[in-house]
């Protein structure tokens with residue numbers, strides 16, 4: 001889990017404040033929150049500019065934030081990498097959900113078949129990047145046919161953060 005995210009220029013920090021669960025059950029006693037901070041004008045400290053609960057109160061596994069703090073992206077959920085109803089959630093700077101997607105909405109059946117899975121997780125992402133108005137996820141390099149290991153495959157997902165639309169590329 002990555003608890004902190006820095007914008008590309010380092011002027012914005014987003015922090016995950018994890019959910020608190022009841023000791024006797026899996027019920028969430030206090031939902032997960034995201035705190036967003038911006039570097040002060042004199043660059044001496046960071047000021048909190050927003051704090052809001054995650055979409056469903058669960059703790060995301062990864063967090064990314066834009067340079068303007070107007071887009072925050074969370075990936076997966078604790079204990080459910082690639083398996084939750086919300087593999088990707090995009091918030092505006094105040095916590096309003098702008099879009100959310102399941103893994104089945106992002107990857108085709110063929111692409112999902114290339115990804116390694118276990119009982120609890122699907123390891124569908126290898127590298128994530130949030131630059132300007134675009135969010136990029138690269139999938140892991142996989143070998144779809146054991147008889148041809150010299151032909152690795154990788155997919156790249158691009159999200160336009162203004163239009164909230166995805167493009168998907170399968171690279172060979």
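The values are calculated or read from the model by the stated rules, or taken from the named source; none is laboratory data. Every value quoted in this text rests on a predicted model; they were computed, and no experiment measured them. Methodologically, a virtual Cβ is constructed for each residue, glycine included, from the backbone with ideal geometry; neighbour enumeration extends over all protein chains shown.
Given the structure, is residue 42 at pLDDT below 95 and assigned to a loop (DSSP other than H, G, I, E, B)?
No; evaluated as a whole, the condition is false for this residue.
Mind listing just one residue for me: the one in segment 5-27 that is surrounded by fewer than 16 Cβ atoms within 10 Å (Cβ to Cβ) and part of a strand (DSSP E or B) and, of those, modelled with the highest pLDDT?
6
Looking at (1) out of contact with any strand residue (DSSP E or B) (no Cβ under 8 Å at 6 or more places or on another chain); (2) in a strand (DSSP E or B), which is the only condition residue 56 fails?
Among (1) out of contact with any strand residue (DSSP E or B) (no Cβ under 8 Å at 6 or more places or on another chain); (2) in a strand (DSSP E or B), the lone unmet condition for residue 56 is (2).
Out of the strands (runs of 3 or more DSSP E) lying entirely within segment 64-135, which hold 2 or more residues that are modelled with pLDDT under 90?
Ranges flagged: 127-131.
Filter segment 142-172 for residues that are closer than 16 Å to residue 108 by Cα and outside any strand (DSSP E or B); which is modelled with the lowest pLDDT?
144
Among residues belonging to segment 39-82 that are over 18 Å from the mean Cα position of the chain (by Cα) and without any contact (Cβ under 8 Å) to a residue 24 or more places away in the chain, point out the one that is nearest to residue 94 (Cα to Cα).
Of everything passing the filter in segment 39-82, 48 is nearest to residue 94 (Cα to Cα).
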